[in-house]
Amino acid sequence: MIELIPQTQADREGLNPMLVQSVSPYLNPAHVLSPPRDWLEAMVQGDIPWPLFRLRYKNMLWKRFRRDPAPFYRILEASEGHRKLYLSCHCLTSVCHREIARDFLTLLRASPDYRRWREERPSLWALPFHPAGLVEHPMARA
Ligand SMILES: [Zn+2]
């Protein structure tokens, strides 16, 4: 399950940082869901209307996805079933690109390609030993 949360609330509630991904182009410009900073600034200044931003951003996500689907699939995997993943941002606008990102991810989750990726992926958590260099899985802490 993917939830949207303001960064300030994530900080205040002390959410496990492993479960919160900032998709702000200011805090985390390298994130696969972060739009270019100047697009958001143009929107705040009124130079780009929301529907145009939406279109451009969705296009950008498709391009990134076609280049490398794995980061998108990993987000989906980390938010399967009851697992919660929070996308955070601090927005200056009344609308946030995270809503578009979540719709995009919902679409991907339903795709046969994603299901195939999951089936073909070895289950890391079934391994008898925790290979060095693997990031600790958030569920392993609970
Ligand atoms: Zn935002």
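A compact table of results
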quantity: Search result, residues across the range 1-35 that are over 10 Å from the mean Cα position of the chain (by Cα) and polar (S, T, N, Q); calculated: GLN7, THR8, GLN9, ASN16, SER24, ASN28
quantity: So ARG37, is it without any contact (Cβ under 8 Å) to a residue 40 or more places away in the chain and within 12 Å of the ligand (Cβ to nearest atom); calculated: yes
quantity: First in the range 60-82 and in a helix (DSSP H, G or I), second anywhere and of a type in the set (Ser, Thr, Tyr) and surrounded by 11 or more Cβ atoms within 10 Å (Cβ to Cβ), Cβ under 9 Å, 6 or more apart; calculated: PHE72/TYR114; TYR73/TYR114; LEU76/TYR114; GLU77/TYR114
quantity: Within the range 1-50, tally of residues that are outside any loop (DSSP other than H, G, I, E, B) and within 20 Å of SER79 (Cβ to Cβ); calculated: 14
quantity: The one condition in (1) of a type in the set (Lys, Arg); (2) in contact with a helix residue (DSSP H, G or I) (Cβ under 8 Å, 6 or more places away or on another chain); (3) within 14 Å of the ligand (Cβ to nearest atom) that ARG83 fails to fulfil; calculated: (3)
quantity: Residue count for the range 10-34, restricted to those that are touching a residue at least 24 places away in the same chain (Cβ under 8 Å) and polar (S, T, N, Q); calculated: 4
quantity: Contacts under 7 angstrom Cβ, first residue in the range 89-108 being in contact (Cβ under 8 Å) with a residue 40 or more places away in the chain and within 14 Å of the ligand (Cβ to nearest atom), partner in a helix (DSSP H, G or I) and among the hydroxyl-bearing types (Ser, Thr, Tyr), 6 or more apart; calculated: HIS90/THR8; HIS97/TYR57; ILE100/TYR57
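Residues checked against (1) of a type in the set (Phe, Trp, Tyr); (2) at pLDDT below 95:
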residue: LYS63; (1), (2): no, no
residue: PHE72; (1), (2): yes, no
residue: LEU87; (1), (2): no, no
residue: SER94; (1), (2): no, yes
residue: PHE104; (1), (2): yes, no
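The values are calculated or read from the model by the stated rules, or taken from the named source; none is laboratory data. All figures in this text were calculated on a predicted structure; none of them were measured in a lab. Because the Cβ atoms are built from the backbone with ideal geometry, glycine has one as well, and the counts that use them run over all protein chains shown.
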